[in-house]
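Note sheet for the following structure.
The values are calculated or read from the model by the stated rules, or taken from the named source; none is laboratory data. On a predicted model such as this, the values are computed, not experimentally measured, just so you know. Ideal geometry is used to build each Cβ from the backbone, glycine not excepted, and the neighbour counts take in all protein chains shown.
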Amino acid sequence: MSSSPSNRSEGIGPIGDQISGDQSGEHDRQRDIRRVAKILRDGGYTYDQSKHLIAEARNAVGLSPPKREAGSVDRLTAEEVGELLEAAYATSARQGLMLRTLLETGMRVSAFARLRAEDISFQEREIRVRGKGDKKRDVPVLQSLLNELRVHLDGRRTGYLFPSPRGGHYSARRIQQIVKGRAEDAGITKSVYPHLLRHTIAQRLADAGMPENLLQRFLGHAHPSTTQVYYEPSRPQVKRAFEEAME
């Protein structure tokens with residue numbers, strides 16, 4: 001269909017009207033899905049355009065994400081991680097690999113910016129991270145990531161892992177801009193920044209059962225209390241455990 005994205009934004013009205021039209025609290029979920037699907041199909045929306053459309057429709061009817069609990073850690077969902085990396089790789093293989101490395105190593109952006117080719121151990125499947133106070137730690141990485149890094153280095157053994165176009169290292173601010181830009185490309189509406197990727201991988205590892213002391217070492221936290229936030233039970237988890245115990 002030849003309609004431009006700007007013209008298609010007019011379709012927000014029907015979606016917003018249909019969503020807000022039923023205030024009874026009783027919804028036929030499958031019927032609503034079909035109604036929204038018809039709007040997307042008839043409007044010829046692409047996947048990315050549909051994400052923006054739905055986000056604007058939520059705003060039109062006053063929907064907003066639930067407030068985070070005090071002390072809870074924000075993070076990206078698995079779906080959002082996939083969308084972010086997809087958008088980064090679509091921009092360039094280099095940016096995709098940058099974001100994947102930043103995510104899977106859990107590095108702070110300052111350490112990531114100064115990461116060097118010499119810090120990669122292909123034999124040990126580890127990356128040496130220089131943390132606060134120049135403290136060094138070795139973090140494990142997946143073989144698939146190492147394979148991509150080997151191709152990226154193309155035989156180079158020295159220098160910054162991701163040198164800037166000027167030959168030095170990227171600034172933290174520039175990396176923040178890249179992360180934010182690719183999140184916008186992916187249609188992610190929450191604020192996305194490098195440290196959020198660190199929170200995301202930390203929470204994923206905690207949820208998967210990594211012991212707290214090992215996660216502390218992986219992240220380079222000086223104090224256990226900093227790591228404990230990833231093990232705080234959420235309200236849904238408490239509710240689920242209560243319901244299971246009372247069955």
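For this structure, a couple of remarks:
- Looking at R137, R128, R173, R182, just one residue is assigned to a helix (DSSP H, G or I), surrounded by 12 or more Cβ atoms within 10 Å (Cβ to Cβ), assigned by TED's automatic domain parsing to the domain that holds A90 and among the charged types (D, E, K, R), and that residue is R182.
- Condition met for L161 (over 25 Å from T226 (Cα atoms), crowded, with 17+ Cβ neighbours inside 10 Å and either touching a Cys at 6+ places or on another chain (Cβ under 7 Å) or not aromatic (F, W, Y) (or both)): yes
- Counting only residues that are part of a loop (DSSP other than H, G, I, E, B) and either touching a Lys or Arg at 6+ places or on another chain (Cβ under 7 Å) or not aliphatic (A, V, I, L, M) (or both), region 108-125 holds 6 of them.
- Taken together, the residues in region 196-211 that are exposed (fewer than 14 other Cβ atoms within 10 Å of the Cβ) and either of a type in the set (S, T, N, Q) or in a helix (DSSP H, G or I) (or both) amount to 1.
- Annotation: of all residues in region 223-247 being surrounded by fewer than 16 Cβ atoms within 10 Å (Cβ to Cβ) and touching a residue at least 12 places away in the same chain (Cβ under 8 Å), the one that is nearest to G131 (Cα to Cα) is P224.
- Taking the criterion of being part of a loop (DSSP other than H, G, I, E, B) and hydroxyl-bearing (S, T, Y), the residues of region 140-170 that qualify are T158, S164, Y170.
- Considering only residues in region 185-195 that are surrounded by fewer than 20 Cβ atoms within 10 Å (Cβ to Cβ) and not basic (K, R), the one that is modelled with the lowest pLDDT turns out to be T189.
- Any chance R68 is modelled with pLDDT of 95 or more, more than 11 Å from the chain's Cα centre (by Cα) and more than 17 Å from D207 (Cα to Cα): no
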